[in-house]
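Enquirer: Dropping the structure in here first, questions after.
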Amino acid sequence: MKQYKDRCFRDFDWIKFKIMEENAKQVEKWGIQERTAFEWLAYTMEELGELAEAISEHEYRKGSKEKVVAEAIQLATLALKIAEMYEKYG
Ligand SMILES: [Mg+2]
């Protein structure tokens, strides 16, 4: 099975762009949300499950790498929202 080497955020501008793009999508779809920590965690875990499914589909079937990237960005966006909220309000 293919191995993936850590790139240590070498293209951070791309990552930042994708995170901000995903944030805009989430806000457009759901508005600015105010939820409990466990609700935020539940949404994040849902995205983790979707990432697991996308990786499995990519590795074992004909799932696309684009789907893996999209799910990873969705997961990261929510995780970073939690980090920001705890840093600023926690
Ligand atoms: Mg998702």
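Every number in this text was worked out from the coordinates using simple rules, so none of it is lab data. None of these values were measured; they are calculated from a predicted model. Positions of Cβ are generated from backbone atoms using ideal geometry, with glycine treated the same way; all protein chains shown enter the neighbour counts.
Enquirer: Return the residues of the range 25-56 that are in a helix (DSSP H, G or I), among the hydroxyl-bearing types (Ser, Thr, Tyr) and more than 16 Å from the chain's Cα centre (by Cα); say none if nothing qualifies.
Expert: To start, the set of residues in the range 25-56 that are in a helix (DSSP H, G or I) comprises 25-30, 37-56.
When the remaining residues are screened for being among the hydroxyl-bearing types (Ser, Thr, Tyr), the result is 43-44, 56.
Listed by number, the list holds a single entry, 56.
Enquirer: Hey, another quick one. Could you tell me how many of the residues in the range 30-84 are among the hydroxyl-bearing types (Ser, Thr, Tyr) and more than 17 Å from residue 18 (Cβ to Cβ)? Write out each step before concluding.
Expert: Here is the first cut: in the range 30-84, the ones among the hydroxyl-bearing types (Ser, Thr, Tyr) are 36, 43-44, 56, 60, 64, 77.
Among the residues that remain, those that are also more than 17 Å from residue 18 (Cβ to Cβ) are: 36, 43, 56, 60.
Looking only at that region, the number is 4.
Enquirer: Tell me, please, whether a residue that is within 13 Å of the ligand (Cβ to nearest atom) and either without any contact (Cβ under 8 Å) to a residue 24 or more places away in the chain or not in a helix (DSSP H, G or I) (or both) can be found in the range 5-24. Walk me through how you get there before you give the answer.
Expert: Initially, the range 5-24 is screened for residues within 13 Å of the ligand (Cβ to nearest atom), giving 22.
Of the ones still in play, those that are also either without any contact (Cβ under 8 Å) to a residue 24 or more places away in the chain or not in a helix (DSSP H, G or I) (or both) are none.
No - not one qualifying residue is present in the range 5-24.
Enquirer: Find all pairs meeting these conditions: Cβ atoms under 8 angstrom apart; at least six residues apart or on different chains; first residue within the range 62-80 and free of Cβ contacts under 8 Å to residues at least 24 places away in the same chain and surrounded by 14 or more Cβ atoms within 10 Å (Cβ to Cβ); second residue acidic (Asp, Glu) and in a helix (DSSP H, G or I).
Expert: 63/57; 67/57
Enquirer: Between a first residue in the range 25-51 that is within 18 Å of residue 87 (Cβ to Cβ) and in contact (Cβ under 8 Å) with a residue 12 or more places away in the chain and a second residue that is away from the ligand (no atom under 11 Å from the Cβ) and of a type outside the set (Lys, Arg), which pairs have beta carbons less than 6 Å apart while being 6 or more apart in sequence or on different chains?
Expert: Correct list of pairs: 40/82; 44/79.
Enquirer: Checking the structure you have, find out if any residue of the range 37-52 is charged (D, E, K, R) and more than 12 Å from the ligand (Cβ to nearest atom).
Expert: Yes, because at least one residue in the range 37-52 is charged (D, E, K, R) and more than 12 Å from the ligand (Cβ to nearest atom).
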